[in-house]
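A quick write-up on the structure given underneath.
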Amino acid sequence: MSRNENRLGLPESPQQDETPAPVAANTEAPAFNWSVPTEFVELPSKGLFYSPGHPLHNVTTTEIRYMTAKEEDILTSRSLLKEGVALDRMLQNLLVDKSINVSSLLIGDKNALLVAARRTGYGPEYETNVTCPACDNSETFSFDITEPPIKDINENCAEVGATILEDGTVRIQLPLTKAVVTCRFMTGADEVKITKEMERKSKKKIEATTTDIFRTYITSVNGDDSIFTIESFIQAMPARDARHLRKTYTAVVPDINLNQAYDCGNCGYEADMEVPLGVDFFWPG
């Protein structure tokens, strides 16, 4: 017996050990069953212009998750912003089908997904500063991105006299030379390539944006798809034909319509203004 035992006048402890068995602590965190909601986004291309091996071939919609704090971290990453890949990384993270590579998306489909992602993250109202092209007045303008309409490819082709071919290219006849040019629709990878080329040339104080874009999407001239023929034609193309090609291509490319009515609060100037889709698009004011 210990010499300190019963010093306080307490009854002696029984001989047998009656200490209750310890209760195992539940170290597991409570289950969190809430899942991030998703949304199906209609693709302007309707999947018609992807090759048979592409996951979006003949697919009309694709599923994305709603934006979370994780995507906000991506959009504010200095390293990703410096590389110019923050938007692509964010969108890649949101795609439910991981077999889809953002860089392979047609630009119009990518635009539709970006607008849907912005809407799920911050709501349908997008306020940003705009400058009136008439009086240079800068003011806050609110765009409504609830449900931007999808361009009707067949209707637009009929209006401008273009034809969609079986291989997914578009045939355009030019007014002056009467040359028949076929073009493919550009992807996100093409867009990045053009941007980098523009940056490279700007350092050398060279500007050749229009011809660079023509090189990207023209696939043949009068049935000849050789690089030499295409390049020679681009260099010699009359300005009237070049303008017609740009306008026609822009009219028929599968995309969402991001033009909204703008009314200047200073001078009353009215015109359609396109919703800007830069990184600032995801930073609500």
In the stretch 171-198, the residues that are aliphatic (A, V, I, L, M) and either at pLDDT below 95 or more than 16 Å from Ala242 (Cβ to Cβ) (or both) = Met186, Ala189, Val192, Ile194, Met198
query = Using beta carbons and a limit of 7 Å, which pairs, at least six apart or on different chains, have the first residue in the stretch 137-153 and without any contact (Cβ under 8 Å) to a residue 24 or more places away in the chain and the second one surrounded by 12 or more Cβ atoms within 10 Å (Cβ to Cβ) and among the charged types (D, E, K, R)?
reply = Ser142/Glu125
message = So Thr195 ticks every box in (1) out of contact with any Asp or Glu (no Cβ under 7 Å at 6 or more places or on another chain); (2) within 22 Å of Arg171 (Cβ to Cβ) but one. Which box is left unticked?
response = (2)
inquiry  = Criterion first (in contact (Cβ under 8 Å) with a residue 12 or more places away in the chain, in the same structural domain as Glu71 (by TED's automatic domain parsing) and assigned to a helix (DSSP H, G or I)) does Val115 satisfy it?
reply    = yes
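Matching residues to (1) at pLDDT below 95; (2) touching a helix residue (DSSP H, G or I) at 6+ places or on another chain (Cβ under 9 Å); (3) closer than 17 Å to Phe185 by Cβ:
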residue: Leu56; (1), (2), (3): no, yes, yes
residue: Met67; (1), (2), (3): yes, yes, no
residue: Thr76; (1), (2), (3): yes, yes, no
residue: Leu94; (1), (2), (3): no, yes, no
residue: Leu105; (1), (2), (3): no, yes, yes
remark   = Of the residues in the stretch 95-117, those that are more than 10 Å from the chain's Cα centre (by Cα) and not β-branched (Val, Ile, Thr) come to Leu95, Asp97, Lys98, Ser99, Asn101, Ser104
message = Testing Tyr126 on (1) modelled with pLDDT under 95; (2) more than 17 Å from Ile256 (Cβ to Cβ); (3) not in a helix (DSSP H, G or I); (4) not β-branched (Val, Ile, Thr), one condition comes back false. Which one is that?
response = (2)
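The values are calculated or read from the model by the stated rules, or taken from the named source; none is laboratory data. Every value quoted in this text rests on a predicted model; they were computed, and no experiment measured them. Reconstructed Cβ throughout: ideal geometry from the backbone, glycine too, with neighbour counts over all protein chains shown.
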